[in-house]
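Each remark here refers to the structure printed beneath this line.
The values are calculated or read from the model by the stated rules, or taken from the named source; none is laboratory data. Here the structure is a predicted model, which means the values were calculated and not measured. Every residue, glycine among them, receives a Cβ derived from its backbone with ideal geometry; neighbour counts consider all protein chains shown. These area figures cover heavy atoms from the full protein model, side chains too; ligands, DNA and RNA do not enter into them. Shrake-Rupley method; radii C 1.70, N 1.55, O 1.52, S 1.80 Å.
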Amino acid sequence: MITLDHLLIDESVFTSTFACDLQRCKGACCTLPGGAGAPLADAEVDLVRAAVEHALPYLSERSRSYIEAHGAVEGFPGQYATTCIDDKDCVFVMYDGGVATCAIEKAWHAGATDFRKPLSCHLFPIRVANFGGPYLHYEKFDECAPGRALGEQLGLPLVVALKDALVRAYGAEIYERMLAVANGTAGEGDE
């Protein structure tokens, strides 16, 4: 384990390679079976609800109807998630050439909303647990095997592949320190 300020980080975050390969995995992270969608921080609930109107134009009738009937968010404080259809597809999934992508992110790219997507989605496959503070770990899903293979082929460290998400979550200074740990150039107090 590595400690950076208030973060406890599993070493696999620093030693793994990864490069999302959507054409091969088909956006499986947005359609993982299990009943709950993307975990949401309490502070993201209103942001997700506000993003619904901007995501609607990109969603199928099935998703629009589901949101109207069940809402876009389920759970309770500390345990919120996006809703899922048939215990699988996140309600914000849209398909582009057979690849599951995020309608919220599509609206963000179009400039319709300032909210990109839930942070848990942006950080995936890094997961954040709470054991008295944030604990970051790399979760190896079978569905992400193409991303592991491509990351290894490219020699792309996981922390580099997820730079935007890590900077969004923890700031540029913490990210630079994470990168130094991954590169083996960390200073005192960073390991």
(message) How would region 71-141 be classified by its alpha-carbon gyration tensor: rounded, prolate or oblate, with rounded meaning a/c under 1.5 and the a/b versus b/c comparison settling the rest?
(response) prolate
(message) Place a point 7 Å from Cα of residue 140 in the direction of its Cβ. Which residues in region 18-55 have their backbone N less than 16 Å from it?
(response) 18-19
(request) Give the relative contact order (percent, whole number) for region 14-169; include only Cα pairs under 8 Å separated by 6+ residues. (result) 36 percent
(message) Per residue of region 123-131, what does 6.51 cos²θ - 1.76 cosθ + 1.60 with θ = phi - 60° give for ³J(HN,Hα)? Whole Hz please, x for Gly and Pro, Karplus curve as stated.
(response) 7, 3, x, 7, 10, 10, 10, 10, 10
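Hey, what's the Kirkwood Rh for region 31-83 if you take every pair of different alpha carbons, in angstrom?
When all Cα pairs of region 31-83 are included, the Kirkwood radius is 11.6 Å.
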(message) Out of the total accessible area of region 121-191 (probe 1.4 Å, heavy atoms of protein only), what percent is carbon and sulfur?
(response) 49 percent
(message) Per DSSP helix of 4 or more residues, -39500 (n - 2.57); summed, then divided by the residues of the chain. What does that give at 222 nm, rounded to the nearest 500?
(response) -10000 deg cm²/dmol
(message) Give me the base-10 log of I(q)/I(0) for region 84-191 at each q in 0.22, 0.23, 0.24 Å⁻¹, Debye formula, one uniform scatterer per Cα, rounded to two decimals.
(response) -1.43, -1.47, -1.49
(request) Indicate, rounded to the nearest 5 percent, the antiparallel portion of the DSSP beta bridges found entirely in the chain. (result) 90 percent
(request) Go ahead and run the numbers for FRET between residue 1 and residue 96, Cβ-Cβ distance against an R0 of 45 Å, rounding to 0.05. (result) 0.70
(message) To the nearest 20 Debye, how big is the dipole of region 1-123 about its Cα centre, given +1 on the beta carbon of each Lys and Arg and -1 on that of each Asp and Glu?
(response) 360 debye
(request) Starting from the Cα of residue 68, step 7 Å along the direction of its Cβ; do the same at residue 129; then give the gap between the two resulting points in nm. (result) 4.1 nm
(request) Would you kindly derive the ³J(HN,Hα) couplings of region 163-177 from the backbone phi angles with the Karplus curve 6.51 cos²θ - 1.76 cosθ + 1.60 (θ = phi - 60°), listing them in order in whole Hz, with x for Gly and Pro? (result) 3, 4, 5, 5, 5, 4, 6, 10, x, 5, 5, 5, 4, 4, 5
(request) Would you grab the residues whose amide H sits under 5 Å from the one on residue 83? Only those 5+ places off in sequence or on another chain, please, with H modelled 1.01 Å from N. (result) 73, 74, 91
(message) So if I restrict to the alpha-carbon atoms in region 18-129, what is the Rg, and what is Dmax, the biggest pairwise distance, in Å?
(response) 12.9, 37
(request) Specify the inter-centroid distance of region 131-161 and region 101-115, based on alpha-carbon positions, in whole Å. (result) 24 Å
(message) Please compute the alpha carbon radius of gyration of the chain, then divide it by the globular-protein estimate 2.2 N^0.38 Å. Two decimals is fine.
(response) 1.05
(request) Return the long-range amide H neighbours of residue 16 (sequence gap of 5 or more, or a different chain), with a cut-off of under 5 Å between placed amide H atoms. (result) 158
(message) Leaving out ligands, DNA and RNA, and with a 1.4 Å probe, what % of the accessible surface on region 47-103 is carbon or sulfur?
(response) 50 percent
(message) Give me the Å³ per residue figure for the convex hull around the C-alpha atoms of region 1-73.
(response) 163 Å³
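Tell me the per residue accessible area of the chain using a 1.4 Å probe; a whole number in Å² is fine.
Value returned for the chain: 52 Å² of accessible area per residue.
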